[in-house]
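Bear in mind that the values in this text are calculations on the coordinates, not laboratory data. The shown structure was predicted, so the numbers you read here are calculated from the model rather than taken from an experiment. For neighbour counting, all protein chains shown are included, and Cβ atoms are generated from backbone atoms with ideal geometry for every residue, glycine included.
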Amino acid sequence: MACSLLRCPNPFLRNLSTLSLQSRQYHDYIRFATPGGIARVALNSPKIVGIANSRGSRGHQEDYYAFASLSLDPGELSQSVKKTMGVDWNPRDACDLLARQVVFMGIYDGHGGSTVSQYLRQELHGLLESVHKSDIPELYLWIKDIGGYFKRFKGGVLAPWIHKSEDTPELDLEARITQAFFEVDRHLSIETEARSCGATASIVLLHSLDHPATPFFSSDKLALTVAHCGDTRVLLCSTTGGAVFPMTENHRADTRIESIRLRRMMGSALITDSFGESRWMGALANTRAIGDLQYKRFGVTPEPEVRSKLLRGQDWAYIVLVSDGISSVVSDDEVVDLARDAPNPKVAAQRILSFAEDMGSEDNATVVVVPLAGWGKIEGPDKTRALRDYRRRQAVGSERQRRM
């Protein structure tokens, strides 16, 4: 998935991608230290990252995913873990190649078409690697020109760089991610389809703090950063009882964080549709999204919510990323329980997808399972097994009645 766009059939996406390929250093494999030197392993192995996705009953696919190994400035990474986790990490204790390595996982759920979600799959990881603080003043002027909601925008975490980029601090991860998300919208602003087409997005960044550096799936000390827009979800599973720790919250107009943000900046434009669901401007379920350019001036922002967490060794079994084709019919607890005891991440992802389909999901659905050092070491019973068995029986009975 971390591949060139030179073969992409969409000329808009292909032309954009050729602008910055030379400055990118990402790979589809990870490096790690061994007694004999530096080894590498492909990220597309089903034992390293588990992927399952389906179109459901739709005739088209708008869900996409990506994974890559990025090369980021070690000083920036050191500054970020100190700021967000209080951890002193000295990149000079590792070789430069490994100190720079950050594993990227992304899941994108398109709506109104696939232009934006395809662009994210193909470009976001490269943009995140290559953005520079010197571009922020120009980016900020473009954001302000959107008008409406963004007339009052002060730059958020980008504020230190919006008027000048010289004699300013280096970017930290939160600022880098935020700049990359806004840059996607700026690049897409020349594409007509992106006015009415958009995507939600969740990305995971994993950075080993071990000395010598170890792969994310065996790291004793691992920095996790999650950035999120919309209703794709990132779930962290503990080895203690298989407890779920959500790293994201859905960005809907009636949730606390979003309702406060929108009321402060825009007043109220929340409308309940005929199904009883809240819609911003009467049209959008999500109030943060990439694309949907016609709604930006009304408060729909690509500004991600960024969270960080220091993961200690075998305390955590895996991370699961899901689109709403999964989360709309499967609870967070069910998602992590379905993945436990699977022989590898690929099987775990397939189990989650299969259960969602059994529960009647007809939407595009995507699951990404990322193993951590505690893989296969969850203690305690499967909390939701009895409930899942009951739901399956109910679903089978309902299907039989429907066919009669």
- Could you work out the longest stretch of the chain that avoids the GluC sites (Glu not before Pro) located in DSSP loops with at most 15 other Cβ atoms within 10 Å? 1-165
- Task: Calculate, for Arg403 and Asp167, the FRET efficiency according to 1/(1 + (r/R0)^6) with r their C-beta to C-beta distance and R0 60 Å; round to the nearest 0.05.
- Result: 0.25
- Query: Percent of alpha carbon pairs in the range 312-393 separated by more than 23 Å?
  - Reply: 17 percent
- Note on the structure: Rounded to 0.05, the calculated FRET efficiency for the beta carbons of Thr255 and Ser196 at R₀ = 25 Å is 0.55
- Query: Remind me, relative contact order of the chain in percent, using alpha carbon pairs under 8 angstrom and six or more residues apart?
  - Reply: 20 percent
- How many percent of DSSP beta bridges within the chain run antiparallel, rounded to 5? 95 percent
- Name the longest site-free stretch of the chain, where the excluded sites are trypsin sites (Lys or Arg not before Pro) in a DSSP loop with no more than 10 other beta-carbon atoms within 10 Å. 155-404
- Modelled FRET efficiency - R0 35 Å, Ala395 with Lys154, Cβ distances, 0.05 increments: 0.10
- Please tell me which of these pairs span more than 18 angstrom C-alpha to C-alpha: Lys309/Lys346; Lys154/Lys296; Lys47/Lys383? Lys309/Lys346; Lys47/Lys383
- Message: Test of understanding: express the Cα radius of gyration of the chain as a ratio to 2.2 N^0.38 Å, with N the residue count.
- Response: 0.98
